[in-house]
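A short worksheet on the structure shown next.
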Amino acid sequence: MIKELGERMIRAAKLDGSLYEEIKADRHAPLQAAMVVVLSAVAAGVGVIVHVGVGGFFLGTMQAMMQWYISAFFTCVVGTRLLQEPQTKMDCGAMVRMISFASAPGVVRLLGVIPGLGGFVSGLASVWMLGATVVAVRKTLDYTTTTRAVGACVIGWVAQWLLMGILLSLRGPAPGA
């Protein structure tokens, strides 16, 4: 199972559209999908540990999990309600599996522990995951064009950043600030 998961994560990172067709049909992939999200989130936490300490690891991991959830939710709603095509079918399970595997490139956030690379690696991972999500959404929702998938993903991504900005602003100022 671990070998298959690793191979699928690499294929997801390569934006291999055939992987998403495979996952779409695999009703036994939810555990693997969840593992991809957790691995990606933990990589985000590890990537910030050098800069902000162990507490930052937990916050970074939880923040990455919340970002994934919020983005997946909004992308699903937009993709199936606002930007649906006649052949678009709503399958929440398939959508969650696909978007989960699209977070595979987030594992590169581990490289954030290298001094001076944190921001670059995080930005690269975000854009890479967005690209993988576009491929996943197009395959999941059977869109005829990539433009519609880009629209759904970008709206989901922006909504996630806005909501996370609001939630993080509610924390208040940092101690000692």
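Among residues of region 118-135 being of a type in the set (A, V, I, L, M, F, W, C) and out of contact with any helix residue (DSSP H, G or I) (no Cβ under 8 Å at 6 or more places or on another chain), the one that is nearest to G151 (Cα to Cα) is V127.
Of all residues in region 84-130, those being under 26 Å from E22 (Cβ atoms), under 15 Å from the mean Cα position of the chain (by Cα) and not aliphatic (A, V, I, L, M) number 9.
Quick one: which of A13, A33, A102 is under 18 Å from G156 (Cα atoms), surrounded by 14 or more Cβ atoms within 10 Å (Cβ to Cβ) and among the aliphatic types (A, V, I, L, M)? Walk me through it before giving the result.
Working: A13 fails: under 18 Å from G156 (Cα atoms); A33 fails: under 18 Å from G156 (Cα atoms).
When all the criteria are applied, what remains is A102.
Among the residues making up region 60-112, those that are small (G, A, S) and more than 19 Å from A33 (Cα to Cα) are G60, G79, G112. Looking at region 87-95, can you tell me whether even one residue there is over 16 Å from T133 (Cα atoms), out of contact with any Lys or Arg (no Cβ under 9 Å at 6 or more places or on another chain) and part of a helix (DSSP H, G or I)? No; the residues of region 87-95 include none that is over 16 Å from T133 (Cα atoms), out of contact with any Lys or Arg (no Cβ under 9 Å at 6 or more places or on another chain) and part of a helix (DSSP H, G or I).
Applying the selection to region 101-133, what residues are outside any helix (DSSP H, G or I) and among the small types (G, A, S)?
Going residue by residue through region 101-133, those that are outside any helix (DSSP H, G or I) are 102-103, 114-117.
Matches in region 101-133: A102, S103, G116.
Among residues of region 43-67 that are among the hydrophobic types (A, V, I, L, M, F, W, C), those with a beta-carbon under 9 Å from a residue that is outside any helix (DSSP H, G or I) and loosely packed, with under 14 Cβ neighbours inside 10 Å at least six positions away or on a different chain give the pairs V50/I114; V50/P115. Whenever a residue of region 130-146 is closer than 13 Å to Q87 by Cα, it has no partner that is basic (K, R) and crowded, with 17+ Cβ neighbours inside 10 Å lying with C-beta atoms less than 6 angstrom away and at least six residues away or across chains. Here the condition is being of a type outside the set (S, T, Y), in a helix (DSSP H, G or I), touching a Ser or Thr at 6+ places or on another chain (Cβ under 7 Å) and more than 14 Å from M129 (Cα to Cα); of A34, A64, it holds for A34 alone. The number of residues in region 18-30 that are loosely packed, with under 13 Cβ neighbours inside 10 Å and either part of a helix (DSSP H, G or I) or of a type in the set (F, W, Y) (or both) comes to 2. Among the residues that make up region 149-166, is at least one of them buried (at least 20 other Cβ atoms within 10 Å of the Cβ) and within 17 Å of E21 (Cβ to Cβ)? Yes, because at least one residue in region 149-166 is buried (at least 20 other Cβ atoms within 10 Å of the Cβ) and within 17 Å of E21 (Cβ to Cβ).
For region 66-99, give me the residue count where each residue is of a type outside the set (A, V, I, L, M) and crowded, with 20+ Cβ neighbours inside 10 Å. Let's see the steps before the verdict.
Of all residues in region 66-99, those of a type outside the set (A, V, I, L, M) come to 67-69, 71, 73-76, 79-81, 84-89, 91-93, 97.
Still in the list and also crowded, with 20+ Cβ neighbours inside 10 Å: 67-68, 71, 74-76, 79, 97.
Within region 66-99, residues that are of a type outside the set (A, V, I, L, M) and crowded, with 20+ Cβ neighbours inside 10 Å number 8.
Might you let me know whether region 38-61 holds any residue that is modelled with pLDDT of 85 or more, of a type in the set (F, W, Y), in contact with a Phe, Trp or Tyr (Cβ under 8 Å, 6 or more places away or on another chain) and part of a helix (DSSP H, G or I)? No, there is no match, as no residue in region 38-61 is modelled with pLDDT of 85 or more, of a type in the set (F, W, Y), in contact with a Phe, Trp or Tyr (Cβ under 8 Å, 6 or more places away or on another chain) and part of a helix (DSSP H, G or I).
The values are calculated or read from the model by the stated rules, or taken from the named source; none is laboratory data. What you are looking at is a predicted structure, and each value in this text was computed from that prediction instead of being measured. No Cβ is skipped: glycine too gets one built from the backbone with ideal geometry, and neighbour counts run over all protein chains shown.
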